[in-house]
Amino acid sequence: MNTSMERIYNGIVKENPVFIMMLGMCPCLAVTTSVTNAIGMGVSTTAVLVASNVVISLVRKIIPDEVRLPAEIVIVASLVTVVQLIMQAYFVELNESLGVYIPLIVVNCIILGRAEAYAMKNEVLPSLFDGIGMGLGFTIGITILAFFRELLGAGTVAGFQVMPSFYKPIDMLVKAPGAFLVLGVIIMVMNAWGISSRQAELVSGDGCVGCAAEGNCAAAGKCDKKEEEAKA
Amino acid sequence: MSGDTSLIVIIVTAALVNNVVLSQFLGICSFLGVSSQVKTSASLGGAVIFVMTIASAVANLLYTFVLSPLGLDYLQTIVFILVIAALVQIVEMFLKKTSPGLYQALGIFLPLITTNCAVLGVALNNVTDGYNFIESVVSGFGTALGYTLAIVLLAGIRENIDESDLPAPVKGAPIVLFCAALMGIAFFGFSSLS
């Protein structure tokens with residue numbers, strides 16, 4: 001049980017995918033216009049992540065190393081299609097507002113990243129909890145981002161009016177540039193409080209850290225440093 | 001004549017008005033990760049233009065002639081991602097054989113593009129928008145052009161930022177995100193074009 005709790009803590013706090021690892025940035029910025037969207041996206045991603053971690057962990061000994069990545073992509077893409085069909089059937093409205101970002105869960109770095117970094121090397125149960133932890137971390141991360149954007153940008157939270165009527169919403173925050181701005185401010189505050197994150201490495205380096213294509217780049221000689229670290 | 005104008009509209013819309021990075025948030029990982037130097041980001045942009053145009057064409061053909069007639073629309077996500085992954089491999093092998101110069105310039109970026117969500121995003125959007133073959137190719141090209149424009153501009157800004165004296169908390173990701181936000185506001189100006 002200890003490992004399970006440790007995996008969940010790791011996903012939510014220590015390696016939070018949004019604020020610390022800075023993975024899965026595309027949906028993180030795109031769907032955080034409202035808390036409802038963010039939670040919908042978070043739950044869908046968590047479902048795919050947990051299922052893909054379990055499936056990949058189950059078949060990890062059967063997959064030959066050379067076709068590891070294509071095999072993982074097929075598993076993830078199938079699971080995403082399942083989620084997409086469920087959304088179309090039962091959550092029509094949410095599906096419409098999330099649009100293309102639901103199928104794009106396939107290329108979410110978090111999912112392939114966890115598959116590569118954790119599920120390929122570990123037993124089923126820890127992988128399950130790793131998926132739950134990372135999924136929760138992602139959901140909490142994007143919900144925080146969405147909370148600030150919706151509160152200040154539209155004066156509402158999950159569709160309910162919370163700001164007093166004299167408050168004039170800052171439209172820009174729910175539009176595209178606001179996403180960059182709010183995430184930038186949150187990370188700046190975290191930096192000021194001394195919460196070290198890997199983003200400095202990520203942004204100043206070659207962008208390979210924790211990225212799903214890391215293995216590929218390493219083959220192309222781009223992530224030499226990372227490779228050496230891994231060996232050491 | 002009207003056909004030509006609508007193609008120009010598609011290019012302008014894809015590259016500027018609905019800029020793939022700044023207003024649709026696709027390809028953010030590489031946008032933030034591979035934008036520290038103008039030279040590398042321009043090469044990545046070149047590779048993206050190459051792959052995205054071909055991928056749009058192939059995805060459209062597959063959708064029109066295989067998936068749609070067979071009623072397998074729901075398989076589009078799986079099929080498209082596999083097509084893109086395979087395509088990237090083929091393009092890489094083809095370039096290695098036929099044009100070593102180009103391979104040297106674009107080669108290392110090609111594997112990265114498989115997981116670039118902008119490529120898959122364009123293929124899926126083309127289907128949603130009901131574009132025909134020519135329109136899909138043009139939209140793929142325009143989107144890639146917009147991506148290249150955004151990443152090269154950001155790299156240009158970041159090269160200059162490196163030399164300036166920033167407060168410690170803003171260093172790293174925050175300043176890059178702020179620059180992206182300002183670029184996004186600037187690109188808003190194009191929305192009146194549509």
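The values are calculated or read from the model by the stated rules, or taken from the named source; none is laboratory data. Since the structure is predicted, the reported quantities are computational estimates derived from the model, not experimental observations. A quick note on method: Cβ atoms are made from the backbone with ideal geometry, for glycine too, and the neighbour counts reach across all protein chains shown. Please note that ligands, DNA and RNA were not included when accessible areas were found on the heavy atoms of the full protein model with its side chains. Shrake-Rupley method; radii C 1.70, N 1.55, O 1.52, S 1.80 Å.
Of the residues in segment B:1-48, those shielded by at least 40 Å² of accessible area once partner protein chains are present, compared with the chain alone at a 1.4 Å probe, are B:Phe25, B:Ile28, B:Cys29, B:Leu32, B:Gly33.
Size of segment B:69-175 from its Cα atoms: along the principal axes, largest to smallest, the extents are 60, 35, 23 Å.
The long axis of helix B:133-161 is offset from the longest Cα principal axis of chain B by roughly 10 degrees. In the frame of its principal axes, segment A:1-79 has Cα extents of 41, 31, 19 Å, reported largest first. Below 8 Å between Cα atoms, with a sequence gap of 6+, how large is the relative contact order for chain B in percent? Result for chain B is 43 percent.
With the other protein chains left in place, how much accessible area per residue, in square angstrom, belongs to the protein assembly as shown at a 1.4 angstrom probe? Don't jump to the answer; show the numbers that get you there.
Working: 18520 Å² over 426 residues.
Result: 43 Å² per residue.
What the Cβ-Cβ distance of A:Val82 and B:Thr5 gives, at R0 = 56 Å and to the nearest 0.05, is a FRET efficiency of 0.85. Structure shown: which of A:Lys14/B:Lys171; A:Lys121/B:Lys97; B:Lys39/B:Lys97; B:Lys39/B:Lys96 lie over 27 Å apart, alpha-carbon to alpha-carbon? Over 27 Å apart, Cα to Cα: A:Lys121/B:Lys97. Compare B:Val12, B:Val170, B:Val79 in a GNM of chain B, Cα atoms joined below 10 Å, and give the one with the largest fluctuation. Looking only at B:Val12, B:Val170, B:Val79, the largest GNM fluctuation is found for B:Val170. Rg and Dmax over the alpha-carbon atoms of segment A:94-176 stand at 17.3, 55 Å.
Database remark: amide H of A:Val157 closer than 5 angstrom to the amide H of A:Val162 (H placed geometrically; neighbours at sequence offset of 5 or more, or on other chains; Pro and chain starts carry no H).
Based only on the alpha carbon positions, what is the Kirkwood hydrodynamic radius of segment A:1-157, in angstrom?
Value: 15.7 Å, from the Cα pair sum.
With N as its number of residues, the protein assembly as shown has a Cα radius of gyration that, divided by 2.2 N^0.38 Å, comes to 0.94. Sequentially through segment B:91-102, phi angles give Karplus couplings (6.51, -1.76, 1.60; θ = phi - 60°) of 4, 4, 5, 4, 5, 4, 6, 8, 9, x, x, 5 Hz, Gly and Pro residues having no value and appearing as x. Taking only protein heavy atoms and a 1.4 Å probe, the accessible area of segment A:39-192 is 72% carbon and sulfur.
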